[in-house]
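Some notes on the structure that comes next.
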């Protein structure tokens, strides 16, 4: 759950603009509307393809929850399998008011075992990643598991299964990313001659152009950097 910058919403499709106006009026006229009815009538019918590219760009093409690479079509645009998710679910307290708010929308991968699929209507109880960098409070094991000593964050990781305990595909993919970084170090250097310069350059490269599971990659690179003695 790396931090990203939440930009201004893209120029809104007229249909979306009208839907926001209609939704604001609906909330006043019918404050007891059910979350299900609200989703069906006001969210599921908006032109989501207008928003997926903007959300993907904010997140550097990574899932807001697990940091896996999103799916893209042949033109390079995020495809329809990526889910526009509500960080604060529609069914959560206050969620109806945030249903069409840009700051509450993130793009999730299409995993059937984690992320938006696992969250469902469950509030996470933590700020969205654009408001706080949760990755600095996460620990990543070489096995691909993730956890946090922050109790609220650790609970949220379990809710969306980003911890990997109940998401075997995510765990394997994260482990492969970590293994890939360590294998490249071993290919370039012997155990005792790992270059601090290479490690620093790789860290900066990942910061500038994040790869999948970037937070896990960075943590393991920093561990190697702390032990490196060669300039």
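In the stretch 114-127 there is no residue that is on the phi > 0 side of the Ramachandran plot, buried (at least 18 other Cβ atoms within 10 Å of the Cβ), at pLDDT 95 or above and in a loop (DSSP other than H, G, I, E, B). Of the residues making up the stretch 1-19, just one is within 25 Å of the chain's Cα centre (by Cα) and in a helix (DSSP H, G or I), namely 16.
Counting the residues of the stretch 82-101 that are part of a loop (DSSP other than H, G, I, E, B), touching a residue at least 24 places away in the same chain (Cβ under 8 Å) and surrounded by 13 or more Cβ atoms within 10 Å (Cβ to Cβ) gives 12.
Only residues that are modelled with pLDDT of 95 or more and more than 20 Å from residue 213 (Cβ to Cβ) were counted in the stretch 150-199, giving 3.
Among the residues of the stretch 175-225, the ones that are surrounded by 17 or more Cβ atoms within 10 Å (Cβ to Cβ), assigned to a helix (DSSP H, G or I) and in contact with a strand residue (DSSP E or B) (Cβ under 6 Å, 6 or more places away or on another chain) come to 2 in all.
The values are calculated or read from the model by the stated rules, or taken from the named source; none is laboratory data. Just so you know, these numbers come straight off a predicted model, no measurement behind them. Don't worry about glycine lacking a Cβ; one is built from the backbone with ideal geometry, like all the others, and counts go over all protein chains shown.
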